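Data first, discussion second: the structure below is written as structure tokens.
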Amino acid sequence: MHTPFSQTYFHGTKADLKMGDLIEVGVPSNYGQRNRAKYIYLAATLDPAVWGAELAVGDGPERIYLVEPTGTLEDDPNLTDKKFPGNPTMSYRSKQPFKVVGEVTIWQGHSSEQIASMTSTLQKLKEQGIEAIED
């Protein structure tokens, strides 16, 4: 049950979700080759969720949901092991569902130049055989 004292996290996507919905593993990933997701991702800071919403595949609107994990979290190795040692982005992943408890409806996205730069970087990594999401 959501309480004002429980940690709430952010999850960026283009999926249309409702309060109480569960975000779960096993569905096609929002990224890369759209393989069935072995992990789901969230962050305790807004910026990684903004990137998640902006980079997700699909034609729907970019959404940022407030979510609560139902199980254990681990550091997101896509960011912490390679780019930001010590997890300053406060990004995590889990195999257990996240429950949608709200939506952030007003947020500032990245500039079109920043998105183009990130997309280009991800494309270069893909060409090198490096997927953005690590299982």
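So, of the residues in segment 90-102 that are outside any loop (DSSP other than H, G, I, E, B) and of a type in the set (S, T, N, Q), which turns out to be modelled with the lowest pLDDT?
Keep residues of segment 90-102 that are outside any loop (DSSP other than H, G, I, E, B), which gives 91-94, 98-102.
Right, trim to of a type in the set (S, T, N, Q) and you get 91, 94.
On the way: SER91: 87, SER94: 93.
In this case the residue turns out to be SER91.
Being among the aliphatic types (A, V, I, L, M) and assigned to a helix (DSSP H, G or I) is the filter; apply it to segment 103-118 and report the residue that is surrounded by the fewest Cβ atoms within 10 Å (Cβ to Cβ).
Going residue by residue through segment 103-118, those that are among the aliphatic types (A, V, I, L, M) are 104, 106, 115-116, 118.
Now drop any that are not assigned to a helix (DSSP H, G or I), which leaves 115-116, 118.
Working: ILE115: 14, ALA116: 11, MET118: 15.
By that ranking, first place goes to ALA116.
Which count do you get for residues in segment 1-60 that are touching a helix residue (DSSP H, G or I) at 6+ places or on another chain (Cβ under 6 Å) and either assigned to a helix (DSSP H, G or I) or modelled with pLDDT under 85 (or both)?
Total meeting the criteria: 1.
Being aliphatic (A, V, I, L, M), at pLDDT below 70, part of a helix (DSSP H, G or I) and surrounded by 13 or more Cβ atoms within 10 Å (Cβ to Cβ) is true for just one of LEU79, LEU122. Which residue is that? So that I can check it myself, show each step before the final result.
On the way: LEU122 fails: at pLDDT below 70.
Selected residue: LEU79, the only one of LEU79, LEU122 that is aliphatic (A, V, I, L, M), at pLDDT below 70, part of a helix (DSSP H, G or I) and surrounded by 13 or more Cβ atoms within 10 Å (Cβ to Cβ).
The values are calculated or read from the model by the stated rules, or taken from the named source; none is laboratory data. Owing to the predicted nature of the structure, the values given are computational and were not obtained by experimental measurement. Neighbour counts are summed over all protein chains in view; Cβ atoms, including those assigned to glycine, are modelled from backbone coordinates with ideal geometry.
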